[in-house]
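Notes for the one structure printed next.
The values are calculated or read from the model by the stated rules, or taken from the named source; none is laboratory data. Note that the structure is a prediction, hence the values are computed from the model and not measured. When we count neighbours, we look across all protein chains shown, and the Cβ atoms used for this are built from the backbone with ideal geometry, even at glycine. For accessibility, only protein heavy atoms count, side chains too; no ligands or nucleic acids. Shrake-Rupley method; radii C 1.70, N 1.55, O 1.52, S 1.80 Å.
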Amino acid sequence: MWRAADSSWQRNISVFVWTIPLLLGPLLTLGDGWQAAFNLALIVVIAGCALVIGLLASPQGTDLRPYLAFSTMLGACFAGATHANVEWLGTWILIANAAPVVLRGRWLALAGAVVVPLSGWAAWRVEPHEGSRVWTEVFVVLLALLASTAFTRLLETVDELRRTRAELARVAVAEERERFSRDLHDLLGHTLSVMVVKAQAVRRLVATDPDAAAEHAADIERVGRTALLDVRQAVDAMRAPSLPEELLGARDALEAAGIRATIDVGDADLPEDTGAVLAWALREGITNVLRHSGADSCSIEVTRRGDRTELVVVDNGVGTPTRPAEGTSVRAGGLDGLRDRLRAAGGQVQTSSTGTGFRLVASVPSRVGARP
């Protein structure tokens, strides 16, 4: 009960704020004998119902107690109106305040169609019969109903906006985590693959060609220092790779792995941001060649086709890179992360098996993110 009250009492505070002022008139005119006891019981019932509505009513309407309390309050006000006492006319304003808190839509309209005429009937019963009193009571009750409806809906809208803002913040954090995870995978996956390949070359050459092994070991140290710098930069702002740098790194990594590299960039003069997007694609493509292909040759081609630029990476290895087994967790990165990255830049990734290898085609608009 109190948990529900915590989420709704601020929205329904107007119901019991007006309870004491509007019941003060009937409380001061209780009468004598059994009439006083009856009037006091009605006042207690109305106040209790207002408290229940103020604490428990919610937009979802899953709790039946507010509906029962509203019906009981309406019956108590009707019973009070039979006394034909002008002091009881204020209780209909309390009904008008409570109706929008409990009811929605057509049920609220139906309640208004019942409460407003009943308030006029209660005013007509008071002697002397005055038409001005009836119209005043009807107008005041109708105005209270409309004002309470607008106030309640406004507070509900504010609550909904707060929940939406909190959800948007949560989604933004999740997307940023996914982006950072994908970038870190793309950044370190390639670098670590190069280091592994060069370490294998060192082990292979250390007995037959110590000088070449030492050169590869120096490359491992250089790549490791570069990776450390990249990780530090990624903490502040992810470093966008450069396509020329990635092409040189790809050639070096492929040759170290004993894979013949053929690179053709033609006369493609790309904006920095477009080249950065293709650099991520090249990094992922070369990482897959080093890890999964078992190839002995790889070709890289960058060409412009109309208003788009394509990067094509083809190897003659075993085919499509292996995917995680079904039911295992898939980390953000790899080809899926690359597709997300290019999709955000207006591009796309196509992969296929050539029968004797694997083909990756990354296509982006030639002016993606180009600065004027």
| Which values of log₁₀ I(q)/I(0), to two decimal places, follow from the Debye formula for segment 143-264 at q = 0.20 Å⁻¹ with a uniform point scatterer at every Cα? | -1.11
| request: Report the label-to-label distance for I20 and D273 in nanometres (one decimal), using points 7 Å from each Cα along the Cα→Cβ vector. | output: 6.2
| Quick one: if the Förster radius is 30 Å, what FRET efficiency do T356 and D307 give, using the C-beta to C-beta distance and rounding to 0.05? | 0.40
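May I ask you to work out the translational diffusion coefficient for segment 23-122 at 10 °C, viscosity 1.306 mPa s, via Stokes-Einstein with Rh from the Kirkwood sum over Cα pairs, reported in whole µm²/s? Please report the intermediate quantities before stating the final value.
Working: Rh = 13.8 Å.
D, rounded to a whole number, is 115 µm²/s.
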| message | Report the gain in length on full extension from V196 to S71: 0.36 nm times residue separation, minus Cα-Cα distance, nm rounded to one decimal. | response | 37.3 nm
| query | Heavy-atom accessible area per residue, segment 129-212, 1.4 Å probe: how many Å²? | reply | 65
| field | H216, H292, ranked by accessible area, largest first (probe 1.4 Å) | value | H292, H216
| message | Checking the a/c ratio against 1.5 first, then a/b against b/c, what shape does the Cα gyration tensor give for segment 61-100? | response | oblate
| task | Starting from the Cα-Cα distance between T136 and I263, subtract it from 0.36 nm times their residue separation and give me the gain in nm to one decimal. | result | 36.8 nm
| query | What FRET efficiency would be calculated for the residue pair A109, E160, taking the C-beta separation as r and a Förster radius of 25 Å, to the nearest 0.05? | reply | 0.70
| field | Pair R204, A344: separation of 7 Å Cα→Cβ label points (nm) | value | 3.7
| So if R0 is 51 Å, what FRET efficiency would E215 and R170 give, r being the distance between their Cβ atoms, rounded to the nearest 0.05? | 0.55
| said: With the crude spin-label approximation of a point 7 Å out along Cα→Cβ, what separation in nm comes out for E178 versus H129? | reply: 7.1
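Before anything else, pin down the relative contact order of segment 154-313: Cα pairs under 8 Å, at least 6 apart, normalised by residue count, whole percent.
So the answer I get is 22 percent.
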| task | Would you rank F78, F358 by solvent-accessible area, highest first, keeping every protein chain in place and using a 1.4 Å probe? | result | F78, F358
| request: Could you order T149, T287 so the one with the most accessible surface comes first? Probe is 1.4 Å. | output: T149, T287
